[in-house]
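Peer 1: This structure is in structure tokens; I'll ask about it shortly.
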Amino acid sequence: MIPGQFDYHRPASVSQAIGLLAEFGENARIVAGGHSLIPMMKLRMATPDHLVDIQDIPELKGVREDAGALVIGALVTQTELIASELLAEKCPILRETALQIADPQVRNAGTIGGNVANGDPGNDMPAVMQALAATYDIAGPNGARQVAARDFYEAAFLTALKDGEILTSIRIAAPAAGHGYAYQKQKRKIGDYATAAAAVILEMSVGTCSSASLALTNVGDTPLYAAAASQALVGTALDETAIGNAVAAAKDITDPAADSRGPKDFRTYVAGVMVKRAIETARSRATA
Amino acid sequence: MNEQTPTPSERAEKLQGLGSSRKRVEDARFTQGKGNYIDDMKLPGMLFGDFVRSIYGHARITSINKEAALALPGVLAVITVEDLKPLKLDYMPTLAGDVQAVLAGDKVLFQGQEVAFVVAEDRYIAADAVELVEVEYQELPALVDPFKAMEPEAPVLREDIKDKTEGAHGPRKNPNHIFTWEAGDAEATETALDQAEVVAKELISYQRCHPCPLETCGCVASMDKVNGKLTVWGTFQAPHAVRTVASLITNIPEHKIRIVSPDIGGGFGNKVGVYPGYICAIVASIVTGAPVKWIEDRIENLSATAFARDYHMKGEIGATRDGKITALRCYAIADHGAFDACADPTKFPAGFFSIFTGSYDIPAAFLSVDGVYTNKAPGGVAYRCSFRVTEASYFIERMIDVLARELNMDPAELRMKNFIKKEQFPYTSATGWEYDSGDYQTAMDKALQAVDYTGLRTEQKANREAFERGETRKLMGVGVAFFTEIVGAGPVKNCDILGLGMFDSCEIRIHPTGSAIARLGTISQGQGHATTFAQILASEIGIAAENITVEEGDTDTAPYGLGTYGSRSTPVAGAAAAMAGRKIRAKAQMIAAYLLEVHDNDLEWEVDRFVVKGAPERFKTMTELAFAAYNQAIPGIEPGLEAVSYYDPPNMTYPFGAYICVVDIDVDTGVTEIRRFYALDDCGTRINPMIIEGQVHGGLTEALAIAMGQEITYDELGNVQGASLLDYFMPTAVETPHWETDSTVTPSPHHPIGAKGVGESPNVGGVSAISNAVNDAFAHLGLKHTAMPHDHWRVWKTAQKLGLTG
């Protein structure tokens, strides 16, 4: 559990960080909270020669509102995210999800940027970002660009992020006031990845679901945006049949690996249970 | 001179002796981060060792190239089996009469096995060098199923002993067979089962798990070449035995070896044995002349040092139709891994598994255990229990429940119907154990009443009806377990490890001003010996516990003892402490008689002093007597006040308890919540109720961990699975329910203070209670038995098989 040798860099700005990444190429890795990368380095599954620690870059910090959008800096820790009253008011699913990530010590160090950028299918925030239709702000040697969370994840640990790029912030159009939300996660113990988890954002209008957005965690190679399942809810009263249809549609797109959390059929079944419960909770929270 | 004194009971209270919940004296340093663990040790010039380990479960080593590693600056040596052979250290004896490869020779036999030992200036260089050692393997088929080990076509694992037809415990049936151990009357049991009105059968498996102490195993070895003395500081649960074994292995005379156990961060059986890391660190220190530290990381600890359980027990239990048990039979396969490195007493290769008749008066019983080799890590230690008692207790407590289903009888009622009755003690079991004392019915009645057992069953009936109507997706389960432990090994006449009798010892020196130091042959790993042994002595010699220092773990200063495991410290060393205290008191009585000018017999002991019978104003306190021992010339009495006692217990002790667990199972997710857990323990005389409660909490939490998730498995190729804390279940406060504790007190008749030991009881009883509760939740649907661990997916699978998941 001792990592190999590496050099450590601590840039003070995004441009400096991009410069370092350009200089060292694929031998460099960005580190922020370190809760994904450092364990992999200790197991020598990752052996970067250069670590670019971005924690001193002020422009990556803080939560703010920008033209109606919520903007969360990549360095915002899970603890800061939980503490943000702005997010709690405008987008409470983030607090609900962050509270289900690991334990307070990990949340004190782990960042939202690392959680979404690493491409680990076990991470919780990517599915939530897909449900929220978030976009990621990315800076790189060729300037800035944006990628939708729903388009970002390609395979396990493989994302739209190119060599030399840094995810700088997350941009979320705040869901409508009175929306229903839930992040339903089953895990074996504190600190564990989900056996299966589901994120739901929905709106009700006079007893009918007017919009719904569903995504799944850790039941495939990537987070899964469940378009068909979402669609199955819109225009219904979220009755048993509609929820059943959404559950079936969500289960259809899962492809979990058999691991110590359980065999495939179990994890698929649980994904369905999480979807069902998340919809029920979201429905009970929707006020319009 | 005799001013107004407090009353005897006030004085007794000040001593903080037996029965006092005095705070743990150890905690001041632990809570301030001032403990001194192995990895805190830094010696000048200290080097670090690290292992190259096998990546395969079973393979031939075709070559080892250490050149690249040796070329790395800061690397001093790369030790392989070729370096150990001339020293005759390529194999070391295990505590079970087998030999274990220190470094692999021609073959590796489990993933994680030690292949080479790198010695470097710091641990980072050592870790880098490990990556540079090139080992070439030729993979062989792995044997991971213990049942297949007995089949003729199974691959032969131990080529080093393949022609040995006689093992340490009798004939070997095949090259992967270690021993067969039998107990009880085969014929009588066969007859009783044939004649039984009802026979229930079940295969009860207890999965391979691991004690997983928070501090992993490690040591610092330092060979002083000037005086020829070897000092080894290490995570040793039995430092004196380690010294003797080290002397036998290395041929260094025993007086030239000093073994020290500093603070130990939990042992739970994992730190009883001798590991290749210790031997390699010693060799490296001898070779380099510098101190050498070796310490495992978590994955190494979970995958290479001693595991626990891995017992697969086929049971048959016979009874009359009205529930009187007439016979019990068990055939068990014991998976010992690649080497037989159990830490059982020599004559008991399956430990005390023959206590498998539990708390019940079963007239005929027979068991047969086959120990086998597989391509897994060696071990088979007692994880917070006495030798194989948890396996035995789990077996009988599951079999009783299985029988209860068969008879359609309440499991608590079936237990009570078959209890050994109070008037039957001392009771000799069908396999020959003499239970010293017990009052099971009283304990069970108290437990059933405390949880309102009848009310729980009524609630469960309503829950099942509601489930049937579709009103809930949760099922309620009630688990009852009643266990009897067998601890305090043990009488030297039948208990030894490597020929060393399992007595223990205490040496006391009373200082002139009336304080004292006591040293014992045991070693605390969190049990609080410095607190509780002082309490025993306080009550025996009338010196306040706070004025008694307790030291253990340094073989240069402590008297010889067999160490701490199997709940033996209180039953054996605690008894030695009481007996040594009584020797002190006997001498103090002679001194008092001289000073008070009366005959010895005219004095009586009162809390902290000798008082002249009939003249309460004439007395001498222990403090006064201590001083007199050092400043008076008393005819016929040597100066000083010291005593030593080596205690050979006449029998084991038999703590028992009644545990009841209530669970609610979400059948759609398999999530099982422990709603309530009640634990009644009877450990005889209670030395420190607060420490007992802490021990029970800790043991129950480990029981929860085992019952609900802890498991080390291997895939077909012999790759170890789950050997990190990502997967291996280590409960935190979040996963741990509230524990309710209670007690009855049935003192041991043969122990000097009537104490029986308690640290391990909650693991023994807890696993059964939880597992019984999970099984009970599905009992009305026809489930007889479902195997541990009861993690989400297995519980869900059970529900699925019963048609509950749609």
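The values are calculated or read from the model by the stated rules, or taken from the named source; none is laboratory data. Please read all numbers here as calculations on a predicted model, not as lab measurements. A quick note on method: Cβ atoms are made from the backbone with ideal geometry, for glycine too, and the neighbour counts reach across all protein chains shown. The area values use the complete protein model at the heavy-atom level, side chains included, leaving out ligands, DNA and RNA. Shrake-Rupley method; radii C 1.70, N 1.55, O 1.52, S 1.80 Å.
Peer 1: Let me confirm something: among B:686, B:676, which residue is outside any helix (DSSP H, G or I), closer than 22 Å to residue B:452 by Cα and either open to solvent by 10 Å² or more (accessible area, probe 1.4 Å) or at pLDDT 95 or above (or both)?
Peer 2: B:676
Peer 1: Confirm whether residue B:594 is on the phi < 0 side of the Ramachandran plot, open to solvent by 10 Å² or more (accessible area, probe 1.4 Å), of a type in the set (Ser, Thr, Tyr) and in a strand (DSSP E or B).
Peer 2: Against the criterion (on the phi < 0 side of the Ramachandran plot, open to solvent by 10 Å² or more (accessible area, probe 1.4 Å), of a type in the set (Ser, Thr, Tyr) and in a strand (DSSP E or B)), residue B:594 does not qualify.
Peer 1: Another question about this same structure. Pick out the one residue from B:241, B:183, B:192, B:246 that is in a helix (DSSP H, G or I), outside the structural domain of residue B:327 (by TED's automatic domain parsing) and in contact with a Ser or Thr (Cβ under 8 Å, 6 or more places away or on another chain).
Peer 2: So the residue among B:241, B:183, B:192, B:246 that is in a helix (DSSP H, G or I), outside the structural domain of residue B:327 (by TED's automatic domain parsing) and in contact with a Ser or Thr (Cβ under 8 Å, 6 or more places away or on another chain) is B:192.
Peer 1: Another question, then. For a quick check of your reading of the model, give me the residue pairs whose first member lies in the stretch B:443-455 and is modelled with pLDDT under 95, whose second is small (Gly, Ala, Ser) and assigned to a helix (DSSP H, G or I), with beta-carbon atoms closer than 6 Å and at least 6 apart or on different chains.
Peer 2: Between residues of the stretch B:443-455 that are modelled with pLDDT under 95 and residues that are small (Gly, Ala, Ser) and assigned to a helix (DSSP H, G or I), there is no close pair.
Peer 1: From A:282, A:257, which residue is within 20 Å of the chain's Cα centre (by Cα), open to solvent by 50 Å² or more (accessible area, probe 1.4 Å) and not charged (D, E, K, R)?
Peer 2: Just a single option satisfies the conditions, and that option is A:257.
Residues are listed down the side, and each one gets a yes or a no for (1) outside any loop (DSSP other than H, G, I, E, B); (2) more than 19 Å from residue B:99 (Cα to Cα); (3) away from chain A (no Cβ under 14 Å):
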position	(1), (2), (3)
B:258	yes, yes, yes
B:267	no, yes, yes
B:271	no, no, yes
B:280	yes, no, yes
B:301	yes, yes, no
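Peer 1: For the condition among the acidic types (Asp, Glu), under 30 Å from residue B:335 (Cα atoms), open to solvent by 70 Å² or more (accessible area, probe 1.4 Å) and away from every other protein chain (no Cβ under 14 Å), what is the one hit in B:106, B:90, B:145?
Peer 2: B:106
Peer 1: Mind listing just one residue for me: the one in the stretch B:788-806 that is within 11 Å of another protein chain (Cβ to nearest Cβ) and part of a helix (DSSP H, G or I) and, of those, surrounded by the most Cβ atoms within 10 Å (Cβ to Cβ)?
Peer 2: Ranking the qualifying residues of the stretch B:788-806, first place goes to B:796.
Peer 1: Restrict the check to the stretch B:767-787 and report whether at least one residue is under 30 Å from residue A:104 (Cβ atoms), within 28 Å of the chain's Cα centre (by Cα), within 14 Å of chain A (Cβ to nearest Cβ) and open to solvent by less than 10 Å² (accessible area, probe 1.4 Å).
Peer 2: Within the stretch B:767-787 (the criterion being under 30 Å from residue A:104 (Cβ atoms), within 28 Å of the chain's Cα centre (by Cα), within 14 Å of chain A (Cβ to nearest Cβ) and open to solvent by less than 10 Å² (accessible area, probe 1.4 Å)), the answer is no, since none of the residues qualifies.
Peer 1: Considering the stretch B:130-173 alone, what residues qualify as being assigned to a loop (DSSP other than H, G, I, E, B) and within 30 Å of residue B:70 (Cα to Cα)?
Peer 2: Once the filter is applied, which keeps residues that are assigned to a loop (DSSP other than H, G, I, E, B) and within 30 Å of residue B:70 (Cα to Cα), the stretch B:130-173 yields B:133, B:140.
Peer 1: Sticking with this structure for a sec: Of all the residues that make up the stretch B:597-628, how many are open to solvent by less than 40 Å² (accessible area, probe 1.4 Å), outside any strand (DSSP E or B) and touching a residue at least 40 places away in the same chain (Cβ under 8 Å)?
Peer 2: Residues flagged as open to solvent by less than 40 Å² (accessible area, probe 1.4 Å), outside any strand (DSSP E or B) and touching a residue at least 40 places away in the same chain (Cβ under 8 Å) within the stretch B:597-628 amount to 4.
Peer 1: Which ones in the stretch B:67-87 are surrounded by fewer than 17 Cβ atoms within 10 Å (Cβ to Cβ) and part of a loop (DSSP other than H, G, I, E, B)?
Peer 2: B:72, B:73, B:74
Here's the yes/no breakdown for (1) buried (at least 24 other Cβ atoms within 10 Å of the Cβ); (2) within 30 Å of residue B:301 (Cα to Cα):
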position: B:351; (1), (2): yes, yes
position: B:361; (1), (2): no, no
position: B:396; (1), (2): yes, no
position: B:401; (1), (2): yes, no
position: B:406; (1), (2): no, no
position: B:414; (1), (2): no, no
position: B:419; (1), (2): no, no
position: B:424; (1), (2): no, no
position: B:439; (1), (2): no, no
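Peer 1: Something else now. Might you check whether a residue that is open to solvent by 60 Å² or more (accessible area, probe 1.4 Å), free of Cβ contacts under 8 Å to residues at least 40 places away in the same chain, within 14 Å of chain B (Cβ to nearest Cβ) and in contact with a Pro (Cβ under 7 Å, 6 or more places away or on another chain) occurs anywhere in the stretch A:262-270?
Peer 2: Taking every residue of the stretch A:262-270 in turn, at least one turns out to be open to solvent by 60 Å² or more (accessible area, probe 1.4 Å), free of Cβ contacts under 8 Å to residues at least 40 places away in the same chain, within 14 Å of chain B (Cβ to nearest Cβ) and in contact with a Pro (Cβ under 7 Å, 6 or more places away or on another chain).
Peer 1: For residue B:734, are the conditions met, namely being surrounded by fewer than 20 Cβ atoms within 10 Å (Cβ to Cβ) and either free of Cβ contacts under 8 Å to residues at least 12 places away in the same chain or more than 14 Å from chain A (Cβ to nearest Cβ) (or both)?
Peer 2: Yes, satisfied.
Peer 1: Within the stretch B:679-723, how many residues turn out to be within 11 Å of chain A (Cβ to nearest Cβ) and among the acidic types (Asp, Glu)?
Peer 2: 1
To keep it simple, each residue is scored yes or no on (1) in contact (Cβ under 8 Å) with a residue 12 or more places away in the chain; (2) within 14 Å of chain B (Cβ to nearest Cβ); (3) in a helix (DSSP H, G or I).
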| position | (1), (2), (3) |
| --- | --- |
| A:202 | yes, no, no |
| A:232 | yes, no, yes |
| A:250 | yes, no, yes |
| A:256 | yes, yes, no |
| A:274 | yes, yes, yes |
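Peer 1: Residue B:279: without any contact (Cβ under 8 Å) to a residue 60 or more places away in the chain, in contact with a helix residue (DSSP H, G or I) (Cβ under 8 Å, 6 or more places away or on another chain), aliphatic (A, V, I, L, M) and more than 17 Å from residue B:521 (Cα to Cα), yes or no?
Peer 2: For residue B:279, the condition - without any contact (Cβ under 8 Å) to a residue 60 or more places away in the chain, in contact with a helix residue (DSSP H, G or I) (Cβ under 8 Å, 6 or more places away or on another chain), aliphatic (A, V, I, L, M) and more than 17 Å from residue B:521 (Cα to Cα) - is not met.
Peer 1: Out of all the residues in the stretch A:171-180, is one or more of a type outside the set (D, E, K, R), more than 25 Å from residue A:273 (Cβ to Cβ) and not in a loop (DSSP other than H, G, I, E, B)?
Peer 2: Yes: the stretch A:171-180 contains one or more residues that are of a type outside the set (D, E, K, R), more than 25 Å from residue A:273 (Cβ to Cβ) and not in a loop (DSSP other than H, G, I, E, B).
Peer 1: Could you check, for the stretch B:629-651, whether at least one of its residues is open to solvent by less than 10 Å² (accessible area, probe 1.4 Å), closer than 30 Å to residue B:421 by Cα and modelled with pLDDT of 95 or more?
Peer 2: Within the stretch B:629-651, one or more residues are open to solvent by less than 10 Å² (accessible area, probe 1.4 Å), closer than 30 Å to residue B:421 by Cα and modelled with pLDDT of 95 or more.
Peer 1: If you don't mind, there's one more thing I want to ask. Among the residues of the stretch B:737-748 satisfying the criterion of being open to solvent by 30 Å² or more (accessible area, probe 1.4 Å) and either part of a loop (DSSP other than H, G, I, E, B) or within 14 Å of chain A (Cβ to nearest Cβ) (or both), which is farthest from residue B:438 (Cα to Cα)?
Peer 2: Checking each candidate, the answer is B:738.
Peer 1: Applying the selection to the stretch A:180-200, what residues are within 14 Å of chain B (Cβ to nearest Cβ), open to solvent by less than 20 Å² (accessible area, probe 1.4 Å) and touching a helix residue (DSSP H, G or I) at 6+ places or on another chain (Cβ under 6 Å)?
Peer 2: A:186, A:195, A:196, A:197, A:198
Peer 1: Having 3 or more residues that are touching a Phe, Trp or Tyr at 6+ places or on another chain (Cβ under 9 Å) and more than 30 Å from residue B:668 (Cβ to Cβ) is the bar; report the strands (runs of 3 or more DSSP E) wholly within the stretch B:455-533 that clear it.
Peer 2: B:474-484, B:504-510
Peer 1: I'd like to verify a number: residues in the stretch B:213-238 that are in contact with a helix residue (DSSP H, G or I) (Cβ under 6 Å, 6 or more places away or on another chain), assigned to a strand (DSSP E or B) and β-branched (Val, Ile, Thr), how many?
Peer 2: 0
Peer 1: Further question: Residue check: is residue B:726 surrounded by fewer than 24 Cβ atoms within 10 Å (Cβ to Cβ) and away from chain A (no Cβ under 13 Å)?
Peer 2: No, not satisfied.
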